[in-house]
Amino acid sequence: MNVEKLIVLVTLLLCSLPSASAEEARIDSSRHHKVLFEDEFDGDHLGKRWGMYKSASVVKDGVMIGITPEDADHPSVNTIRIDPQSDLEVSVSFKFAGSTRFQVMYRDRNCKSSHAGHICHLAVTSDSLTLYDGKTGIFRKDIRDQRKLKQPISQETKEFLKTKTARFPMKLDVTQWHDLTIRIQGDVMEASVDGNYIGRLQSEGLGHTTKDQVNLTTNLREVHYDHFKIKAP
């Protein structure tokens, strides 16, 4: 067999191989087996490990009610600090109860290259789920400073920021509880809702190795939360 025929044969064989599906590309859930923190909100108040920033959140009837005070200039933030980690799994049940949006945010208090140490986050509404690399995207310090000063952002920067986010449409019944799972492995973050895989984002900032805070950030009033858990490999 001459070289040309061999090349053709190899090419045909490679093309006939099945490509990796989205399911096969998913992060192995069994990797995240070490529970770093969990809360069923069984008491009548938030535990001592919870930090609060401009928050009026309370615990009632076995759930945490995320509430932003009416006069606050920032969404309610409820924070759990952990030993610095790279790969994480966060799961939480949620129900919209007036508010239409919340975020699960990851931070590193010692990271100076992004605003307030924001590394990455996920935003949930009733009709979409959006993944963000904040460290090298919208919270990168120079970009954040530009936006805060309301300075024009170049078209090049706008195109760059598009690579730092991934938005996926979905439809949620706002009268029902839902289950959210977020996994980070290396520079990949993926999310599932009610056991259904929604999507992923791959971006360098996600691979930040010393994430030491996980926040539940509630826009306005209210979102109910339950079965909150943080796990690591």
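Things worth noting here:
- Applying the criterion of being assigned to a helix (DSSP H, G or I) and among the aliphatic types (A, V, I, L, M) to the residues of region 126-161, the residue that is surrounded by the most Cβ atoms within 10 Å (Cβ to Cβ) is Ile143.
- Where strands (runs of 3 or more DSSP E) fall entirely within region 180-233, none has at least 2 residues that are at pLDDT below 95 and farther than 23 Å from Phe139 by Cβ.
- Residue in region 15-37 that is modelled with the lowest pLDDT, counting only those that are of a type in the set (A, V, I, L, M, F, W, C) and surrounded by 14 or more Cβ atoms within 10 Å (Cβ to Cβ): Ile27
- Neighbours by Cβ (under 8 Å, 6+ apart or cross-chain): first from region 131-151, more than 17 Å from Glu204 (Cβ to Cβ); second modelled with pLDDT of 95 or more and part of a loop (DSSP other than H, G, I, E, B): Arg144/Ile138; Arg147/Ile138
- Members of region 101-114 found to be surrounded by fewer than 20 Cβ atoms within 10 Å (Cβ to Cβ), over 16 Å from Arg81 (Cα atoms) and of a type outside the set (Gly, Ala, Ser), listed by number: Arg101, Gln103, Lys112
- Residue check for Arg167: in contact with a helix residue (DSSP H, G or I) (Cβ under 6 Å, 6 or more places away or on another chain) and within 26 Å of Ile67 (Cα to Cα): no
- Residues that are crowded, with 18+ Cβ neighbours inside 10 Å and of a type outside the set (Asp, Glu), drawn from region 82-94: Gln85, Leu88, Val90, Ser91, Val92, Phe94
- Sub-8 Å Cβ pairs linking a first residue in region 90-116 that is acidic (Asp, Glu) to a second residue that is assigned to a loop (DSSP other than H, G, I, E, B), at least 6 apart or interchain, are Asp108/His208; Asp108/Thr210, ordered by first then second residue.
- Candidate set from region 38-55 (those that are in contact (Cβ under 8 Å) with a residue 24 or more places away in the chain and surrounded by fewer than 17 Cβ atoms within 10 Å (Cβ to Cβ)); member that is nearest to Phe94 (Cα to Cα): Glu40
The values are calculated or read from the model by the stated rules, or taken from the named source; none is laboratory data. Note that the structure is predicted; figures quoted are calculated from it, not measured. Backbone-built Cβ (ideal geometry, glycine too); neighbour counts: all protein chains shown.
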